[in-house]
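The values are calculated or read from the model by the stated rules, or taken from the named source; none is laboratory data. The model shown is predicted, which means the values in this text are computed figures rather than measured ones. Glycine also receives a Cβ, built like all others from the backbone with ideal geometry; neighbour counts cover every protein chain displayed.
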2 protein chains.
Amino acid sequence: MTSQPVLINGQWRTSTGTETFQAINPATRETLPEVFPVSPWSEVEEALVAAAAAFKIVRSFTGNRFADFLNAYAAEIELRIDDIVSAAHLETGYPVSPRLKDGEMVRTLDQLRQAANAARNCAWTVPTIDSATNIRSMLGPIGPVAVFGPNNFPLAFNSISGGDFAAAIAAGNPVIAKGHSAHPRTTQIFAEAAQHACETTGMPDGFVQLIYRTSHEDGAKLVSHPKLGASGYTGSRHAGLFLKEAADKSGTPIYLELSSINPVFILPGALEERLEEIVDEFTGSCLMGTGQFCTNPGLVVLPSGEKAEAFTTAVAEKFAAAPAGTLLGEGVERSLRAGIVAIQQTGAHVVTGNQPVDPSRCCHANTLLRATGKSFLENPTGHQAEAFGNASLMIVAESDEEMLAITEHLEGNLTGCIYSDTNGSDDVLYDQIAEELIQHVGRLLNDKMPTGVAVSPAMNHGGPYPATGHPGFTAVGIPASLRRFATLDCYDNVRENRLPPVLRNENPCEGLARDIDGKMTTGNVE
Amino acid sequence: MTSQPVLINGQWRTSTGTETFQAINPATRETLPEVFPVSPWSEVEEALVAAAAAFKIVRSFTGNRFADFLNAYAAEIELRIDDIVSAAHLETGYPVSPRLKDGEMVRTLDQLRQAANAARNCAWTVPTIDSATNIRSMLGPIGPVAVFGPNNFPLAFNSISGGDFAAAIAAGNPVIAKGHSAHPRTTQIFAEAAQHACETTGMPDGFVQLIYRTSHEDGAKLVSHPKLGASGYTGSRHAGLFLKEAADKSGTPIYLELSSINPVFILPGALEERLEEIVDEFTGSCLMGTGQFCTNPGLVVLPSGEKAEAFTTAVAEKFAAAPAGTLLGEGVERSLRAGIVAIQQTGAHVVTGNQPVDPSRCCHANTLLRATGKSFLENPTGHQAEAFGNASLMIVAESDEEMLAITEHLEGNLTGCIYSDTNGSDDVLYDQIAEELIQHVGRLLNDKMPTGVAVSPAMNHGGPYPATGHPGFTAVGIPASLRRFATLDCYDNVRENRLPPVLRNENPCEGLARDIDGKMTTGNVE
């Protein structure tokens, strides 16, 4: 059977690889018909050469060119929405509506268009001008970017349409997309639309390329190759750390989103004040998308007592009553079960769930585990094992001190939430926990579950290791996410006509604030 | 003999280490009298514990507290200028005046005071507020920072008074200074002043600490320790990469400044137009401080022909006529000689210099090497061996294409310079070389040598690997250098009274520009 073509250097062509793979439909466990190639190193290297050549050409483009491409691409996607969501439905088991068509697709288009605006208005370049010394600096494109997309957002974090892709392109970099093996057909349709948009907007061959799969070793060679500027990776910790080691050795930036259990602290007053409301929010957040969100609340800490028992009972009832959603695939199903076993081995017990539900599809019962604060503190690492999917662990703490000690032993996470009462009785404890918690998370929430990740300029979808590889960058939020794919470029005594437009005396972008002699201004250099 | 005390947790105390070392005076090769300890791991760990405790306390401080400390520290240093420059003179061989007293000391004080201003005005925190979603983010302190200072700037890059120190403190982080073994007494006096300033401004014990030396293994344990927020390292590539590997494995940011040969391209028209002027500038830049600057021009590329011969002759005469300066120590002397040998082995020949001059002090003749462009392209890595000190390599290229090919084969550098004529005859070649060169350097200069590194907000003292470990950050320039020692902290739906002051509705700092709903404004949230 002929395998599907790869997109290299502007051409859809047959892969030279001999290995192939097929996706499965997790809702039926059936193998899907299309056969996709595993690209050999020679093919990855061709993509690198083409991307480097494309970068030479696009380096002289202004932001408007990247904006035009991103907008054209969004319009191309709109023409193929039904194809894309149908393919993604088959490959992920996510419902077409509302999840794919009304949720992710809307977000995907919005991200691409926000990125287009960012490319056009140039604020991400942070132009800084010291007129007395005639030294001027800005962020500029870093070079070809490899994007490794995750399994859990086939559209909004897809390697060729998602947040990393949009950010890398808006910053002026060619992208080599390494599609996730769980949704190759979805990725392929996006790539067809992207290549078409490249042609209609005059982007060079090699500006956007797609391979579906490589060996781990070739992935490591890709992220550490001298022609590569940077990589973005979202996925499992194990595979991510393998790539990180190679990239780090070569001094090539790699931005990773690895794992996060997103602790939620419920303080005594809040539990007293609005138990039912919090039960509803927590259950909804845990089970949404079958728990397959990076920001899924996998750990909830609350004080022992009658209310903790009531919370346990109420959440357990809701977990048992809710249908067990379909998981993304057999790998996710296996690792969820293994994660639950790992947590159990630390002394946690299963309150509800943890059994097979329907062998005809990938799934597992909604699972609530419970352990004591003492148990957590005896083995903090064990209790923080990730069980990606519809499972969460409750920790019941005996005292405020124990809650605080738990906070101190948290690994790096994307988010951390604190629910406190509205009358001030939780305020002292809040301050203690919050001050510690912010050091372990990228985003601190009040009275709100972590699963909505707004594409806001103020968002941080990042956090300390091992949630990510560097706590100073975010994967979501425009323009901040573009800064990952940038170098700081400084021009010292460079003649004005040779400067990039945003550093010249006259401000080329309406409304662009530049730091001129220590003041932010939209004006010109005097 | 009793060894000098270390500064741990607010106390000057005897080290528990049994190994010791002494500095030498490179101008006489005499061993200096003071004996300094090598700290064992237990001592480093105590410093980590104290720094973590100090961080807990200072996290609630506003920027004004750090500014007060930095200003008080600068004032304390001013009281001891003569002690400091005398010690540095003995330990480095640099002249008291102008180098130490009128150069580095002035820069050091200016950096500390600029950092104080940055701590006070909070611009480095980049506050970003999305009022519709009530998501707010800013850069916040990353936690205790270990600073490893280099040998070549005993004051302005000293681990306890230099650029990394000032940046880490201004961003609100405790510092563990690992002094350079070549100038321990200089570092000790700074630390005495710093500790005094801590006391007068009410900073907690452990906010500023000093150890003089550790084993390489303990250095690696320090930069990868869970209590550490980040490290700053300036020094040799070999030792830096050893630390980088450990830090990378632990996911702890490390900012490195490793090595750079700072290529200078002289285009044909410039050589024709102002040969003598360029000879003077180049010679001055090469020999200043005995060539011991991170931005010393170690490689100059120019077109073959009569003018190249005239350039060679003129530079060689000046190199031969200038006294050979004293090098920083016997290690620098050895590695300079080894670097010259390595360059010779690639086929370069010595035009002048490369002999011992005065055995009574650390020094080596001013050395000019020369090779062809063809030779460079046959072994680019070999020709880019660093010979840190008063030696430079000329590459004579046969054609514009060869100059461009040389540019393409450059490793990452801090700087790259292009001299071009004023009449436009070099413009086509300039454009080709500049577009390539900016991808290999942090700072591109026109018609100017790279050795002045102004402390300007627009400066980039950084660049692609192996010049540094990440091309997005600068070690010089305030406030940009503070951003290395920061995490992105996001507050989602956090009650207003619980927000850090810069994220509250009312702008707490006069003149602080904040991004509110996509617009930079010094006003309040409406």
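The set of residues in the range A:215-262 that are part of a helix (DSSP H, G or I), more than 10 Å from chain B (Cβ to nearest Cβ) and crowded, with 19+ Cβ neighbours inside 10 Å comprises A:ASP218, A:GLY219, A:ALA220, A:LEU222, A:VAL223, A:GLY240, A:LEU243, A:ALA246.
Out of curiosity, is B:ALA88 within 14 Å of chain A (Cβ to nearest Cβ), at pLDDT 95 or above, touching an Asp or Glu at 6+ places or on another chain (Cβ under 9 Å) and part of a helix (DSSP H, G or I)? It is false that B:ALA88 is within 14 Å of chain A (Cβ to nearest Cβ), at pLDDT 95 or above, touching an Asp or Glu at 6+ places or on another chain (Cβ under 9 Å) and part of a helix (DSSP H, G or I).
When the range B:28-63 is limited to residues that are in contact with a strand residue (DSSP E or B) (Cβ under 6 Å, 6 or more places away or on another chain) and polar (S, T, N, Q), the one that is surrounded by the most Cβ atoms within 10 Å (Cβ to Cβ) turns out to be B:SER39. Anything in the range A:504-516 that is surrounded by fewer than 19 Cβ atoms within 10 Å (Cβ to Cβ) and in contact with a Pro (Cβ under 8 Å, 6 or more places away or on another chain)? List them, or say none. A:PRO508, A:LEU512 - these are the residues of the range A:504-516 that are surrounded by fewer than 19 Cβ atoms within 10 Å (Cβ to Cβ) and in contact with a Pro (Cβ under 8 Å, 6 or more places away or on another chain). Scanning the range B:4-35 for residues that are under 21 Å from B:ALA220 (Cα atoms) and among the hydrophobic types (A, V, I, L, M, F, W, C) returns B:VAL6, B:LEU7, B:ILE8, B:PHE21.
Filtering the range A:423-463 to residues that are within 9 Å of another protein chain (Cβ to nearest Cβ), part of a loop (DSSP other than H, G, I, E, B) and touching a His at 6+ places or on another chain (Cβ under 9 Å) leaves A:GLY462, A:GLY463. Screening A:PHE61 on (1) touching an Asp or Glu at 6+ places or on another chain (Cβ under 9 Å); (2) within 14 Å of chain B (Cβ to nearest Cβ); (3) not acidic (Asp, Glu) shows it passes everything except condition (1). Taking the criterion of being hydroxyl-bearing (Ser, Thr, Tyr) and surrounded by fewer than 24 Cβ atoms within 10 Å (Cβ to Cβ), the residues of the range A:98-147 that qualify are A:SER131, A:THR133. Residues that are part of a helix (DSSP H, G or I) and within 14 Å of chain B (Cβ to nearest Cβ) do occur in the range A:34-50, at least one of them. A Cβ distance below 6 Å, combined with a sequence gap of six or more or placement on separate chains, defines the contacts here; from the range A:2-24, residues that are closer than 19 Å to A:SER181 by Cβ and in contact (Cβ under 8 Å) with a residue 12 or more places away in the chain reach residues that are β-branched (Val, Ile, Thr) and assigned to a strand (DSSP E or B) in the pairs A:SER3/A:THR20; A:VAL6/A:ILE211; A:SER15/A:VAL6; A:GLN22/A:THR31; A:ILE24/A:THR31. Checked against the criterion of being surrounded by 22 or more Cβ atoms within 10 Å (Cβ to Cβ) and more than 18 Å from the chain's Cα centre (by Cα), the candidates A:ILE169, A:ILE211, A:ILE160, A:ILE176 yield just one match: A:ILE211. Screening A:PRO466 against (1) free of Cβ contacts under 8 Å to residues at least 40 places away in the same chain; (2) at the interface with chain B (Cβ under 7 Å from one of its Cβ atoms) leaves a single unmet condition, (1). Residues that are in contact with a Lys or Arg (Cβ under 8 Å, 6 or more places away or on another chain) and of a type in the set (A, V, I, L, M, F, W, C) within the range A:473-512 comprise A:PHE473, A:ALA475, A:CYS490, A:VAL494, A:LEU499, A:VAL502, A:LEU503, A:CYS509, listed in sequence order.
Taken together, the residues in the range A:361-375 that are in a helix (DSSP H, G or I), touching a Gly at 6+ places or on another chain (Cβ under 9 Å) and touching a residue at least 40 places away in the same chain (Cβ under 8 Å) amount to 0.
Inside the range A:1-17, can you point out the residues that are at pLDDT 95 or above and loosely packed, with under 15 Cβ neighbours inside 10 Å? A:GLN11, A:TRP12, A:ARG13, A:THR14, A:THR16 - these are the residues of the range A:1-17 that are at pLDDT 95 or above and loosely packed, with under 15 Cβ neighbours inside 10 Å.
The residue pairs whose first member lies in the range B:147-164 and is closer than 16 Å to B:LEU100 by Cα, whose second member is of a type in the set (Ser, Thr, Tyr) and part of a loop (DSSP other than H, G, I, E, B), and whose beta carbons are closer than 7 Å, counting only pairs six or more residues apart or on different chains, are B:LEU155/B:SER161. When the range A:487-496 is limited to residues that are outside any loop (DSSP other than H, G, I, E, B) and within 9 Å of chain B (Cβ to nearest Cβ), the one that is surrounded by the fewest Cβ atoms within 10 Å (Cβ to Cβ) turns out to be A:ASP489. Within the range A:383-401, residues that are not assigned by TED's automatic domain parsing to the domain that holds A:THR295 and crowded, with 24+ Cβ neighbours inside 10 Å have Cβ atoms under 7 Å from residues that are part of a helix (DSSP H, G or I) and not acidic (Asp, Glu) in no pair, counting only partners at least 6 apart in sequence or on another chain. State whether the residues of the range B:479-486 include one that is within 20 Å of A:GLU435 (Cα to Cα) and either assigned to a loop (DSSP other than H, G, I, E, B) or at the interface with chain A (Cβ under 10 Å from one of its Cβ atoms) (or both). Yes, the range B:479-486 has at least one match. When A:THR346 is tested against (1) touching a His at 6+ places or on another chain (Cβ under 6 Å); (2) in a helix (DSSP H, G or I), just one condition goes unmet, and that condition is (2).
Okay, residues lined up against (1) assigned by TED's automatic domain parsing to the domain that holds B:ASP400; (2) touching a strand residue (DSSP E or B) at 6+ places or on another chain (Cβ under 8 Å); (3) modelled with pLDDT of 95 or more:
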{"position": "B:TYR430", "(1), (2), (3)": "yes, yes, yes"}
{"position": "B:VAL502", "(1), (2), (3)": "no, yes, yes"}
{"position": "B:ASN505", "(1), (2), (3)": "no, no, yes"}
{"position": "B:ASP517", "(1), (2), (3)": "no, yes, yes"}
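When the strands (runs of 3 or more DSSP E) confined to the range B:113-177 are screened for residues that are within 14 Å of another protein chain (Cβ to nearest Cβ), those reaching at least 2 such residues are found at B:128-130, B:135-141.
Whenever a residue of the range A:39-64 is free of Cβ contacts under 8 Å to residues at least 40 places away in the same chain, its partners that are outside any helix (DSSP H, G or I), lying with C-beta atoms within less than 6 angstrom and at least six residues away or across chains, give the pairs A:GLU46/A:ILE8. Consider the range A:498-524 and keep the residues that are in a strand (DSSP E or B) and among the aliphatic types (A, V, I, L, M). The one that is farthest from the other protein chains (Cβ to nearest Cβ) is A:ILE516. For the range B:381-398, a residue qualifies if it is in contact with a helix residue (DSSP H, G or I) (Cβ under 8 Å, 6 or more places away or on another chain) and either among the small types (Gly, Ala, Ser) or not in a loop (DSSP other than H, G, I, E, B) (or both), and the qualifying residues are B:GLY382, B:HIS383, B:ALA385, B:ALA387, B:GLY389, B:ALA391, B:SER392, B:LEU393, B:MET394, B:ILE395, B:VAL396, B:ALA397.
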